Amino acid sequence: MERFIINGGKKLSGKVKISGAKNSALKLIAASILADSKITLRNVPQIEDVNIMLEMLEILGAKINVEAASKVIEIEPEYINNYEAPYELVRKMRASILVAGPLLSKFGRVKVAIPGGCNIGSRQIDLHLKGFKDLGAEYLVEHGYVNCHIDKNRNGNRLHGTIINLDFPSRGATENIMMAACLASGQTVINNAAREPEISDLALFLNSMGAKIQGAGTDYITINGVKSLRGTDYEVMPDSIEAGTFITAAALCGEKVEIQNARWRNLEVFYSKLKEIGVKITIIDENNIRVEAPLERYKPVNISTLPYPGFPTDLQPVITVLLSVVPGVSIVTENVFENRFMYVDELNRMGADIKIEGHHAVIRGVEKLSGAPVRSFDLRAGAAVVLAGLIAEGTTEVSDIYHIKRGYENFDEKLRLLGADIKLVE
């Protein structure tokens, strides 16, 4: 089984280029189902989750061409002739549920397995299904699958526009409903919509296909349905979470690290907390920043995760690693996923002093961490224990790294280019 071996204590310096956003690329691939001609996606990260989503589209019947060296993917969705998303793939990745909206809207029916993915807490699909029902579909959940179809007696062959009020600003539900509404008749309004930058990226992509979406990036999105969508050529936005991970790595053990292709405006709350800690961040331009690490001057802070534009839950594990070596007491409150703190026991095995009290982590900064064998429990927890290994004395062995490879493109290679002593072994 593959694992990372990290010899800690090395200083990081140089430049690192951020890859295309995992959380955007997966949605754009799913949305490609809606087109009636070829889709070309550029800056697509070469990661396992992307491979799973492409395999899903191939099972549905799409023709796929991957040019890995140039990070270009071509999708021909006009060959799709299947509306079932099988358990074997959906169980591996929660984002697979996002084929449901496009399939339902384009073909009038979909059968999709209840999704899996990282074990970080409850992420029910009730809001997705309620949205589909409001748009004129009926569904039945049985034997681990959702069967959903348009009620043709009431609505003909198309979903119909309506007003949808989300109980919670769910990113996945917002995206699925927005995609489904693109081919619906009339206007759909999503109130209390999620506001993540990836949703704006999805809307721009759909609009380039001929959709009519306004308000993406706000909590009020309107979609005026059209009869068909065409192919397009589109570049995936940079990955804000990867950018935040490398910024934190630089804050932990960097001398001077330039983060390229990072849209800092998408992470303003995260940046403000780093500056409060004492990390020196210089904005070079809209997409490039420089990070310096005066670690001896860092101060403890309190952080609470919230849906965007709040502090991102996906960066909570890595910021906890940083705070674990900052003198004083910091408190991190997790408001999004109840099991997000599963990685804390691994950090404590490395010498951290972190106590979990409900959905709060009380962090007492220690002078140093020590290398130890640790596990990667999920994607972001895996990045966190790797960062802990970079700052720790001695050798850290990280197992179950398939989680990390699901979402970070060439993570170890990029760290080595900055000067880290990390190697992949089997």
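Got a sec? How would 151, 167, 378 order by Cβ neighbour count within 10 Å, fewest to most?
Ascending number of Cβ neighbours within 10 Å: 167, 151, 378.
Just want the ordering: 40, 232, from fewest to most Cβ atoms lying within 10 Å of their own Cβ.
Ascending number of Cβ neighbours within 10 Å: 40, 232.
Report, by chain and number, residues whose modeled amide H sits under 5 Å from the one on residue 353, excluding near sequence neighbours (fewer than 5 apart, same chain).
HN-HN under 5 Å from residue 353: 364, 366.
Out of all DSSP beta bridges with both ends in the stretch 22-235, state the antiparallel percent to the nearest 5.
Antiparallel bridges make up about 70 percent of those DSSP assigns within the stretch 22-235.
List the residues, sorted by chain then number, that are 5 or more residues from residue 304 or on another chain and whose placed amide H is less than 5 Å from its amide H.
Here 333 satisfy the definition.
Which of rounded, prolate or oblate describes the stretch 24-117 when judged by the alpha-carbon gyration tensor and an a/c cut-off of 1.5?
oblate
Along the Cα→Cβ direction, 7 angstrom out, place labels at residue 255 and residue 37. What is the inter-label distance in nm?
Placing both labels 7 Å along Cα→Cβ, they lie 5.4 nm apart.
Using a Förster distance of 45 angstrom, determine the FRET efficiency expected from the C-beta separation of residue 292 and residue 224, and round it to 0.05.
About 0.40, to the nearest 0.05.
Taking the DSSP beta bridges in the stretch 273-358 as the whole, what percent of them are antiparallel, to the nearest 5?
55
Calculate the FRET efficiency for residue 187 and residue 1 from the Cβ-Cβ distance with a Förster distance of 51 Å, rounded to the nearest 0.05.
After rounding, the FRET efficiency stands at 0.50.
May I ask you to derive the FRET efficiency for residue 425 and residue 393 from their Cβ-Cβ distance with R0 = 30 Å, giving the value to the nearest 0.05?
0.90
Given 25 °C and 0.890 mPa s, how large is the Stokes-Einstein diffusion coefficient of the chain in µm²/s, with Rh as the Kirkwood radius over Cα pairs?
Rounded, D is 111 µm²/s.
Under the Kirkwood approximation for Rh and a Cα-based Rg, what ratio Rg/Rh is obtained for the stretch 22-235?
That ratio equals 0.93.
Spin-label point model (7 Å from Cα, Cβ direction): what's the residue 335 to residue 142 distance in nm?
4.1
Of 15/423; 275/355; 71/273; 10/423; 275/423; 38/71, which ones are farther than 22 Å apart at the Cα?
275/355; 71/273; 275/423, as the Cα separations exceed 22 Å there.
Just rank 174, 305, fewest to most, by other beta-carbon atoms within 10 angstrom.
Fewest-to-most ranking of 174, 305: 305, 174.
If amide H atoms are built 1.01 Å from N in the plane of the peptide, which residues on other chains or at least 5 residues away come under 5 Å of the amide H of residue 235?
42
Have a look at the DSSP beta bridges in the chain and tell me what percent are antiparallel, nearest 5.
70
Output the peptides 243-256, 49-62, 287-300, 359-372 sorted from most to least packed, where packing is the average of other Cβ atoms within 10 Å over each peptide's residues.
243-256, 49-62, 359-372, 287-300
Computed from the coordinates by the stated procedures, all read-outs in this text should not be read as laboratory data. Note that the coordinates shown come from a computational prediction; the quantities given were computed from them, not determined experimentally. As a convention, Cβ positions derive from the backbone with ideal geometry for all residues, glycine included, and neighbour counts pool all protein chains shown.
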